[in-house]
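Notes for the one structure printed next.
Just so you know, all these numbers are worked out from the coordinates, no wet-lab data involved. These numbers were taken from a predicted model, which means no experiment stands behind them. Backbone-built Cβ (ideal geometry, glycine too); neighbour counts: all protein chains shown.
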């Protein structure tokens, strides 16, 4: 079984397909490496695609201590995959929890990143919503431990931002619910408590984002209300960021609209590799509406 060792020795299971410039896909809380199948089948025709399960998601190792789960661990694990496989600078593509981790890789290990795709990122980041977010996490963790993922998969998957997925693609939605129910109960509780509950707000990282040099593409669905404002904030803050908003789409754009998602990402990474993804023109953010733009 192929694994790489994280910095603290935790074993991370991975799979790779294809050859060429590397792409590493980082899954969301509800998913796992299977969430990226429609991307791997598409991009592996041109690129070397690596998927891996985060710590806490078998067959990756499930540490039993809460201290082994944090936002820093999540970012360091991506770096361990890139270094362990000798990939060199890599296109890092993350969804939700994986997108937070991808952005932190950009902050901590910019030399490892060709580009970053951050999809569905921002849950709980807004300052006015952090208290509610933490309260909901605490209640959900308690239920996960008491009832197990077989039960809680049917509860967690009913979040507001996932309902449009069920409406537009009931088969795809049912598959996601199935994956969620198969996850390790302890690993899911520890991940929620250490990675999601304690991660810093994106708004607290503004200085780092303003210094970003890594080409970045931010995705959100227009029915994923919790990520709309954070996505706009990232676009306005990261000087190398582009923003794609998919209509009538929820939290998991790569699953709900795979053709659109793949098309946008292919165009993005092709432009990056060609050196044609420019920084934001400073004058385009001038305090004017139709007058001459001046810095």
In a GNM of the chain with a 10 Å cut-off on Cα contacts, which of 161, 231, 115 has the highest mean-square fluctuation?
161
Among 28, 256, 167, determine the one that fluctuates most according to a GNM of the chain built with springs between C-alpha atoms less than 10 Å apart.
167
Do you know the relative contact order of the stretch 3-285, to the nearest whole percent, from alpha carbon pairs under 8 angstrom that are 6+ apart?
20
Roughly how compact is the stretch 166-239, stated as its Cα Rg over 2.2 N^0.38 Å to two decimals?
1.44
How large is log10 of I(q)/I(0) for the stretch 179-295 at q = 0.15 Å⁻¹ when the intensity is taken from the Debye formula with one equal scatterer per alpha-carbon?
-0.90
For the stretch 31-171, what size does the Cα cloud have along each of its three principal axes, sorted from largest down, in whole Å?
41, 37, 33
If one takes the longest principal axis of the Cα atoms in the chain, at what angle in degrees, from 0 to 90 and to the nearest 10, does the Cα axis of helix 225-237 lie?
40
Note on the stretch 19-139: contact order normalised by length, alpha-carbon pairs under 8 Å, 6 or more apart, percent, works out to 26
Per-selection Kirkwood Rh - the stretch 1-94 (Cα, Å, 1 d.p.):
13.3
For helix 170-181, what angle does its Cα long axis make with the longest principal axis of the chain, in degrees from 0 to 90 and rounded to 10?
60
Please compute, for the alpha-carbon atoms of the stretch 108-211, the extent along each of the three principal axes and give them in descending order in Å.
43, 29, 27
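Given only helices, namely DSSP H runs of n ≥ 4 each adding -39500 (n - 2.57), what is the per-residue ellipticity at 222 nm of the chain, to the nearest 500 deg cm²/dmol?
Values: 12 runs with 122 residues, N = 295.
Theoretical 222 nm ellipticity from helices: -12000 deg cm²/dmol.
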So, R0 is 45 Å and r is the distance between the beta-carbons of residue 168 and residue 135; what FRET efficiency does that work out to, to 0.05?
0.90
Taking the Cα atoms only, what angle lies between the long axis of helix 258-273 and the longest principal axis of the chain, rounded to 10 degrees?
50
Using square roots of five times the C-alpha gyration tensor eigenvalues, list the equivalent-ellipsoid semi-axes of the chain in whole Å, biggest first.
28, 22, 19
